[in-house]
Structure formats: C-alpha cells, structure tokens
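Have a look at the structure below, then the notes.
The values are calculated or read from the model by the stated rules, or taken from the named source; none is laboratory data. Treat the numbers as computed from the prediction; the structure is a model and nothing was measured. No Cβ is skipped: glycine too gets one built from the backbone with ideal geometry, and neighbour counts run over all protein chains shown. Keep in mind that these areas ignore ligands, DNA and RNA; they rest on the heavy atoms of the full protein, side chains included. Shrake-Rupley method; radii C 1.70, N 1.55, O 1.52, S 1.80 Å.
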Amino acid sequence: MAGVKKSGVILTVESGAALGGKLENIAQYAEAGVRMMTLTWNGTNELGDGIGVEQAGGLSAFGVQAVKELEKHRIVLDVSHASEKLFDDVAGIAKKPIVASHSNAKAVCSHRRNLTDEQFAVIRQSGGIVGLNFCVDFLNNDPQKASRYDILRMAEHFWSLGGEKCLAMGGDFDGADIPTDMTGIESMGALYELFLKHNYRESLVNDLFFNNAYAFFENTFDRWDKNGL
C-alpha cells in the first residue's frame with residue numbers, strides 16, 4: 001500500500017460474557033479504553049444466543065439493556081457470532097452503526113457464521129463495517145480447498161452489494177485455521193498484490209485493506225463527540 005503511513009489499535013472484547021451479567025462493568029470497560037465488543041461468541045451468554053445455539057433466541061432482557069448501555073458508553077456493537085434473531089434484535093434497537101468485525105458472505109460460503117446479503121445491507125445502511133474473515137471454514141464450502149482467492153471472491157460479492165466503503169479486513173489470525181497459501185500477517189502483502197493483479201483499482205484495494213476501517217473508527221468517534229454522544 002504505497003504512501004500509507006498510518007496505523008492504529010482499537011481495544012476490543014470478544015463476547016459480552018466478559019461483563020459477568022453486570023451493566024456497571026460496561027462503564028469500567030469504557031474507562032479502560034474498550035471501543036468495541038462482540039456481543040456473543042457461538043454459545044449463549046447473559047446477553048443472548050450465538051450462532052451455534054440450536055433454536056436460538058435473540059437478545060435477553062439483560063442484552064437489551066446492555067446494548068443501550070454499550071452505545072451510551074461509546075462502545076461499538078459487533079454482531080459477528082450472533083444468532084440471526086440476536087442480529088435482528090440488535091438492528092432493531094441500535095441507534096449507532098453496528099459492525100461485523102470478522103464475518104464473510106453466506107452467498108459465497110454457506111457456513112452459518114457468515115452474513116446473509118440482507119444482514120450485510122443492514123450493517124452498510126447503519127454506517128458500519130464488515131471485516132473479511134480468513135478462517136477456511138468460512139471461506140469455502142470445502143475448507144481444505146480454501147485459498148486467498150476465496151478472500152477475493154468474498155470481497156467481490158460484498159462489493160457487488162455496494163460495499164466499497166464499508167468492507168475491511170477482519171483476519172482472525174489468532175483463532176482460526178487460515179488457507180494453506182497464507183502463513184500469517186506476513187501474507188498480507190501477497191494478498192494485496194492478488195487484488196491488484198485482478199485489475200481492481202488501487203484506491204478500492206487501499207480502502208479494503210486500511211482506509212475503510214481507519215475512517216470508520218476515526219469518524220465514528222469524532223461524530224459522537226460533536227453530537228455529545
């Protein structure tokens with residue numbers, strides 16, 4: 001990414017189970033610098049059900065309160081891992097942008113962890129972002145065949161849905177099996193070149209790899225500050 005000399009770190013928490021069922025812990029996390037929280041992992045916690053729960057429900061009564069309190073304390077809502085009902089509940093009450101930090105397209109790979117086109121539209125329309133996940137299970141219906149080309153396919157699909165300014169890289173290097181033609185963060189350069197070799201304009205690729213995520217967090221918090229949120 002020629003010319004890009006910025007970097008940033010966002011402190012996040014995966015799974016609202018970390019709250020221990022106590023709303024007052026949200027303020028403590030915010031004070032510690034947390035700026036995004038994944039509401040569930042795959043199972044059930046005090047906020048509601050994850051995508052791995054059979055006959056899953058949505059937000060619990062505590063979860064509804066937690067969503068409002070998280071937004072009050074300027075912590076972005078992350079719906080990766082959420083059950084479909086929980087996603088719908090969050091979308092119905094959220095007042096600020098929502099994010100799926102590491103989720104792919106179900107239309108390309110049918111794994112239950114991936115987003116439907118309708119869910120992607122909800123996130124895009126909220127002003128949020130979606131980060132592409134490198135887990136082989138979420139990239140290809142035959143995980144053993146997953147490659148970095150599947151990441152390209154995911155981007156192409158989301159771009160076709162108007163995702164040019166809301167698509168980012170989600171990675172998940174620390175918790176998932178990644179394609180055999182990638183070894184870790186050091187593979188991002190080759191992945192970047194793959195997009196350019198497929199004749200995507202450099203500005204679009206730069207948005208995907210860096211600019212969209214950077215702009216989301218920079219602009220979201222600036223906007224909340226200006227509006228007294």
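Those residues that are of a type in the set (A, V, I, L, M, F, W, C) and over 16 Å from F158 (Cβ atoms), I need them from the stretch 195-215; list them, please.
L196, F210, A215
List, please: which pairs have Cβ atoms under 9 Å, are six or more places apart or on different chains, and start with a residue in the stretch 139-154 that is at positive phi and end with one that is open to solvent by less than 30 Å² (accessible area, probe 1.4 Å)?
none
Within the group A32, A61, which residue is over 21 Å from the mean Cα position of the chain (by Cα), open to solvent by 30 Å² or more (accessible area, probe 1.4 Å) and more than 21 Å from K95 (Cα to Cα)?
A32
For the list (1) part of a helix (DSSP H, G or I); (2) modelled with pLDDT of 95 or more; (3) of a type in the set (D, E); (4) open to solvent by 40 Å² or more (accessible area, probe 1.4 Å), I need the number of the one condition that D150 fails.
Tallying (1) part of a helix (DSSP H, G or I); (2) modelled with pLDDT of 95 or more; (3) of a type in the set (D, E); (4) open to solvent by 40 Å² or more (accessible area, probe 1.4 Å), D150 fails exactly one: (4).
A quick yes/no check of all residues on (1) open to solvent by less than 40 Å² (accessible area, probe 1.4 Å); (2) in a helix (DSSP H, G or I); (3) among the small types (G, A, S); (4) out of contact with any Leu (no Cβ under 6 Å at 6 or more places or on another chain):
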site	(1), (2), (3), (4)
K22	no, no, no, yes
N25	yes, yes, no, no
Q28	no, yes, no, yes
G52	yes, no, yes, yes
Q55	no, no, no, yes
K85	no, yes, no, yes
H111	no, no, no, yes
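Suppose we filter the stretch 90-107 for residues that are surrounded by fewer than 19 Cβ atoms within 10 Å (Cβ to Cβ) and under 25 Å from A146 (Cα atoms); how many remain?
1
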